[in-house]
1. Could you grab the pairs with beta carbons closer than 8 Å, sequence gap of 6+ or different chains, first residue in the range 98-114 and farther than 12 Å from TYR88 by Cα, second one surrounded by fewer than 11 Cβ atoms within 10 Å (Cβ to Cβ)?
2. Within the range 53-98, track down each residue that is modelled with pLDDT of 95 or more and outside any helix (DSSP H, G or I).
3. Restricting to the range 53-106, count the residues that are over 29 Å from PRO28 (Cα atoms), surrounded by fewer than 14 Cβ atoms within 10 Å (Cβ to Cβ) and charged (D, E, K, R).
4. Considering LEU30, LEU50, LEU11, which residue is surrounded by 14 or more Cβ atoms within 10 Å (Cβ to Cβ), over 30 Å from GLU102 (Cβ atoms) and either at pLDDT 95 or above or not acidic (Asp, Glu) (or both)?
5. How about the range 33-44: which of its residues are crowded, with 18+ Cβ neighbours inside 10 Å and touching a residue at least 24 places away in the same chain (Cβ under 8 Å)?
6. (1) in contact with a Lys or Arg (Cβ under 7 Å, 6 or more places away or on another chain); (2) in contact (Cβ under 8 Å) with a residue 24 or more places away in the chain: which one isn't true of ILE48, the others all being true?
7. Surrounded by 10 or more Cβ atoms within 10 Å (Cβ to Cβ), modelled with pLDDT under 70, over 18 Å from ARG33 (Cα atoms) and of a type outside the set (Ser, Thr, Tyr): is that true of GLU113 in this structure?
Amino acid sequence: MIEMIKGFLILTGALFMLLAALGILRLPDLLTRMHATTKAAALGVILIMLAVAVHFGEVAVVARAFAIIVFVVMTAPVAAHVIGRAGYFVGSKLWSGTVKDELRPNYDPLTHELKSGLETEANAVHQPRESDPS
């Protein structure tokens, strides 16, 4: 029975990783590719690490497998967000079917300033800094 559970976890994890690879190849722009890869690959790694924990069953291996799972759950969404945002800021083209671009009204590509959208007239005025070029 344990062998079937391990096999199911490994095969399902590998299928999710395959879906992540297909998402990179088939999806049209950076942001949708990042979405597919983050979700599917993270789930694939989690399932394979669960299979590793079940297979070995030793406290040290199980602890390491769960530490890897926690690390992936904490870092994959943050890394995808940072990469996607950097891609947006350098001008990566969005897919023509993109319905909503929430950063466009708040981002100035010339100064690379991103406003929160909560500014008032008083604090929305650009204040030059000493480090700004004249």
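The values are calculated or read from the model by the stated rules, or taken from the named source; none is laboratory data. Remember, it's a predicted structure, so these values are computed and weren't measured experimentally. For neighbour counting, all protein chains shown are included, and Cβ atoms are generated from backbone atoms with ideal geometry for every residue, glycine included.
1. What qualifies is PRO105/GLY117; ASN106/SER116; ASN106/GLY117; THR111/HIS126; GLU113/HIS126.
2. GLU58
3. Residues in the range 53-106 being over 29 Å from PRO28 (Cα atoms), surrounded by fewer than 14 Cβ atoms within 10 Å (Cβ to Cβ) and charged (D, E, K, R): 1 in total.
4. Matching residue, one of LEU30, LEU50, LEU11: LEU50.
5. MET34, THR37, THR38, ALA40, ALA41, ALA42, LEU43, GLY44, listed by residue number.
6. Result: ILE48 fails condition (1) only.
7. So GLU113 fails the test.
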